[in-house]
Each structure stands twice: as C-alpha cells, then as structure tokens.
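Colleague: I have a structure here, written as structure tokens, and I will follow up with some questions on it.
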Amino acid sequence: MRAMWLEIRDELVGILREPTALFFSVLMPVGFFTFFVAMFGEAWENAGTAMIVPFGTFGVLAVVLMNPGIGMADARQRGWLRVKRVSGIPLWMTIAAKVIASIPYAVAVLAAITASAVFVGDMRFDAGEVAVVFAVLVLGVLPFAFFSVAIGSRVGANAAAAILNAILMPSAIVSGLWFPYEMLPEAIARIGSVLPTYHLARLAMAPVDGGAWLGHLLVLAATAAVGAMVATMAYRSARL
C-alpha cells in the first residue's frame, strides 16, 4: 500500500510539473466553457445540469486522455520506467497509479466548470443530480486512461501530446460535446454514435433525462477491457 501511495503521489506531482498537460487538460476545458457561458449564458440559464454534461465530459476526457500518456512518455524518456522495472514495481501498479492520479484533476475540472456555470452563467442546479453526474463521469472516463498510457509507452512526450489532442478534439466534436448532437450532419452523427466518447456523454446524461444507460455502460466496459490489454502490451514492449 505504501508503494502504491508513493506511485500515485509522484503522478499527482508530475502533472503539476508538466505545463503542457496542465494547460490542455485542465485550463483549456474550463476556459473554453467559461467563454461559452459568458457569450451565451442567457440562452443556457434554464439548462441546468444538462449543460454541465457535454462540457464536463469533454473536461474529464481532456484530463484522463492527456495526463497519463504524457506522464508515461516523459518517464520513459528520462529513464524512470527503467528504474521502476529494475526495482521490481509491478506493472499493474505503474498503470493503476497513472489512472488513479488523474481522478483528482478530473474532479477539479468538473467543479471549476460547475462554478463557472453558477457565477458566470447564473445557472441553477440540483446538488444531488450534479453529484451523480460527477460520479458517472469520473468513473466512466477511466477506460480512456488505458489508451493514453498505451500511446505514452510508444512515443515521446511532445508526440504524445500531439497525438492525444488529435484524438480528443475530433472525438469531442463528432460526439456532440461542443455542439448539440442533433445539430450534427447525419454522416458525422453516425460516426460519433459508435465512439466511446459519445457513450460516456449519454451515460452521464441518463440521470438527467432518464434515458437508457445499460448499452452505454456495456460499451464503456468493453472499452476498458480492450484498453487495459492494449496498455499492458504497449508498456511491456516499450523502449526504455
């Protein structure tokens, strides 16, 4: 347990020391949402929690996709992963620490987005409903961390940031996280409907609109299984 805690602590501190990851994963989603609230807050005033879901989904995805992968790439480049392997730290502990360390930052992004909606957009929310959405997003986003670790195991830190951004931005658009899904062209909406990012947003919306949730949960469970397998293979074959 002590070794696990030290791994998590190092990952938490490492995120703060990496300005690229901090900007793209924490500051950018909050700033992006605050800008939209300031511009169009009056139109969203009665949206409540329903407005938090798409932007909150984008915020937690930014944290969980960017931070583990960039941290893994940086540790590999500096030779720190080689030290871990020699010291006998289990593979599962290294990967789990990177995934778990992203949770506090995901919660911080969600809290900042909600605070921005209240103070900038003058929106009102049901606290219980918001708490459920937070829980769904924080837990539901974790499968994406495995793919982030896999990418960080294969490329450098700068390349990891570029690749992960190239995955995040298009996925957010076609999944309806920046614009209402119903407004997307039919061809793009079809693509978005098969992405795990879309299913994460739909799962988070279920407590708000009472929609179906089981199918979305199964997709995310499959994503987690595939992601864990890919991350394990990528880490084991990483060039240290």
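The values are calculated or read from the model by the stated rules, or taken from the named source; none is laboratory data. Here the structure is a predicted model, which is why all the values come from computation and not from measurement. Cβ placement follows ideal geometry from the backbone for every residue including glycine, while neighbour counts extend to all protein chains displayed. Each accessible area value is taken on the protein alone, full model and side chains, heavy atoms only, with ligands, DNA and RNA left out. Shrake-Rupley method; radii C 1.70, N 1.55, O 1.52, S 1.80 Å.
Colleague: Can you tell me which residues in the range 107-131 are open to solvent by less than 60 Å² (accessible area, probe 1.4 Å) and part of a loop (DSSP other than H, G, I, E, B)?
Modeller: Gly121, Met123, Phe125
Colleague: Here's another thing I want to ask about it. Quick one: is Val208 touching a residue at least 24 places away in the same chain (Cβ under 8 Å) and either assigned to a helix (DSSP H, G or I) or open to solvent by 60 Å² or more (accessible area, probe 1.4 Å) (or both)? Lay out the reasoning, then the answer.
Modeller: Details: touching a residue at least 24 places away in the same chain (Cβ under 8 Å): yes; either assigned to a helix (DSSP H, G or I) or open to solvent by 60 Å² or more (accessible area, probe 1.4 Å) (or both): yes.
Taking the combined requirement at face value, the residue satisfies it.
Colleague: Only residues that are modelled with pLDDT of 75 or more and among the β-branched types (Val, Ile, Thr): list them for the range 14-36, please.
Modeller: To start, the set of residues in the range 14-36 that are modelled with pLDDT of 75 or more comprises 27-36.
Within the range 14-36, Val30, Thr34 qualify.
Colleague: Next question. Restricting the search to the range 132-143, which residues are in contact (Cβ under 8 Å) with a residue 12 or more places away in the chain, of a type in the set (A, V, I, L, M) and in a helix (DSSP H, G or I)? It would help to see each step written out before you state the result.
Modeller: As a first pass, look at the range 132-143 and keep what is in contact (Cβ under 8 Å) with a residue 12 or more places away in the chain: 132-134, 136-138, 140-143.
Subset that is of a type in the set (A, V, I, L, M): 132-133, 136-138, 141-142.
Result: Val132, Val133, Val136, Leu137, Val138, Leu142.
Colleague: Val219 versus (1) exposed (fewer than 14 other Cβ atoms within 10 Å of the Cβ); (2) assigned to a helix (DSSP H, G or I): which is the lone unmet condition?
Modeller: Every listed condition holds for Val219 apart from (1).
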